[in-house]
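Each value in this text was obtained by applying a stated rule to the coordinates, not by laboratory testing. These numbers were taken from a predicted model, which means no experiment stands behind them. Cβ placement follows ideal geometry from the backbone for every residue including glycine, while neighbour counts extend to all protein chains displayed.
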């Protein structure tokens, strides 16, 4: 008892937990008028403020889609930049409503940390980047190398497991912040940079000499990056999940930001249900939103393909191929359950 | 009339009321304080336990026995990703102690030199020391750390172009790599010999003191003690057959492999904290020496003591009494500032602790563990310094 009292007292001081309102997250958000979204402190293509200070990126657009579904206004989002270390506490303590921060869905985060993940917005895998001058062709040649990695990530754990199982030696150089990892790699403090492949492309772009670095072919882990919410609020989980699926479904229907108004006149019952134009539909209101929620999402940010290409795909400097993130009908893994 | 007004007795107060009883008053306020503290602690505890229950997070300290799964760059004890979270925290704790102990020793020595230098009659020395103090005292320690890490150590060459120093030692941006001693059979006798030598030296010192009291004759005690402490282990080393080989660093594909390496993160943190704290210690030393009355020095001179004997026997012992209490604060500051190492990736307690926190999500437990460890280090340092202070204090007869 003494122990719990002590840790509890300290925890309160540290986490700053106040007595939170007991209403559901969705009701709280509607009452305060914006979505508080935890994003990366700065990862090109995923979440980064632009020259005017406005947040841009793949994860940011997901937050904007959620805001569009709730408020019919994609701009009603406030962003909390979180480090790999601070992100979970931020979500647990209620500082953010949703964590869209290229976070890997793992069982322990789902259970012990008390989060819920359901919709995977990016299928990723961990890779390695090295300077071309080292003349490395495979990750299996990396024995003895100094490896830069961000602490508190699944990346850090996969790295240890991979080198261990392949009987390779390495020297970990660990930093808490992504900017510090980048600076150390740039300064030559380590030979190898490891993170999710999408992150490697983004980081390489930010280096002063991107052409002198090569990303190795090995992918050593599965990294399903998914938005997370707190456990125990199923209604809110439903909203954030279905907003994600709406993006994917819109791409499958061929509905884009530009042509969504034309589709409102469609006679296709599937599309009518999706866009809320069917008479007496309850799909949107059952979700706790309005019936034109999916229309608002597409109108606000476009479909999954548009969001992808604009931020990290061919329309961006990153030029990441769709790969696993293509629609299921095109050989990828992006698959939305039916809106019915 | 006026006379009457002056001599009139003051209006009678009911002094028997409990309200005016100082004893009752003091008890009342003490009880009030205790009640306020207890109620607020209970309120906080209730708040957290209900919030923890609501957030569905696991709690308890069982996670400490789980496999950590992450590697640590620098460790004083055997550690791998198969070790437990508890051991990872232990690695961080020892690294914190390492920084604290090495930093405190260096800061004290540098601080002493600078502090005394600032009092020097040599204009150049005094001014140089003043500049040192004013520079380091007025920069935040985090900036000093980054200055060493990014400004000085990061511009060292890549390991492939490492600067070769004498004795197969290499300097690069991965640190200072030197041959690593490997002790063979019988080597365990050497530290034993060292301890024995220290005991002999102390006994010799005590005997010498007695002899001086009796006869007034002095021996060069320091030199003789040093000779004992160095020669005895050396003799044992050769008697057991010089069981020492070296692991020399060789150039690998990426890094120098083999040998022992002092990583730049450690060096940056060590230098920054030592030099930063030394500036404060220098001022404390100066204040302590200035605090000894001029009459003391004059009296010593009148007795015919030479200037260096005056400093040694009259000024320093008295200055110590002024120096020790604020010195304790500086030692504690240095220890606590070591947590800034997290910014440059030095795996001290706060760094390995927050990684553990992040991998397990046990925020409340980890923060309390770290708080308790820092508190314990500080209290132990404090207790030691208080004991030292009591020993040095003026014994009034």
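Some points to look at:
- The relative contact order of chain A comes to 21 percent, based on Cα pairs under 8 Å that sit 6 or more residues apart.
- Contact order for segment B:184-240, expressed relative to its length and based on alpha carbon pairs under 8 Å spaced 6+ residues apart, stands at 56 percent.
- From the largest down, the protein assembly as shown spans 117, 104, 50 angstrom on the principal axes of its Cα atoms.
- Look at the stretch B:362-369: the mean tally of other chain Cβ atoms within 10 Å of its residues' Cβ atoms is 6.
- GNM remark for chain B: springs join alpha carbons under 10 Å apart, and the peak mean-square fluctuation among B:277, B:360, B:311 falls on B:311.
- Between residue B:392 and residue B:287, the distance separating the two model label sites (each 7 Å from Cα on the Cα→Cβ line) works out to 1.4 nm.
- Average other protein chain Cβ within 10 Å of Cβ, residues B:39-46: 4
- From helices alone, chain A scores -11000 deg cm²/dmol at 222 nm; the rule is -39500 (n - 2.57) for each run of n ≥ 4 DSSP H residues, then divide by the residue total.
- Cα-projected label distance for residue A:50 with residue B:126, points at 7 Å along beta-carbon direction, nm: 6.3
- Relative intensity, log₁₀ I(q)/I(0), of segment B:184-240 from a Debye sum that treats every alpha carbon as a point, q = 0.24, 0.25, 0.31 Å⁻¹: -0.86, -0.90, -1.14
- Overall, the ratio between the Cα radius of gyration of segment A:124-222 and 2.2 N^0.38 Å, rounded to two decimals, is 0.95.
- Mean separation of Cα contacts under 8 Å (6+ apart) over length of chain B, as relative contact order %: 22
- Exposure proxy ranking, count of Cβ atoms within 10 Å, fewest first, for A:251, A:218, B:283: A:218, B:283, A:251
- Max mean-square fluctuation residue, GNM over chain A, Cα-Cα springs under 10 Å, options A:280, A:161, A:238: A:280
- Rough spin-label spacing in nm, given labels placed 7 Å along Cα→Cβ, for residue B:199 and residue B:245: 3.4
- Förster radius 60 Å - calculated FRET efficiency between residue B:213 and residue A:110, Cβ distance, rounded to 0.05: 0.20
- The mean number of Cβ atoms from other chains found within 10 Å of a Cβ in peptide A:230-239 is 1, as a whole number.
- Fluctuation leader among B:79, B:270, B:149 - chain B, Gaussian network, Cα springs under 10 angstrom: B:79
- Ranking of B:42, B:213, B:385, A:129 by neighbouring Cβ atoms within 10 Å, starting from the fewest: B:213, B:42, B:385, A:129.
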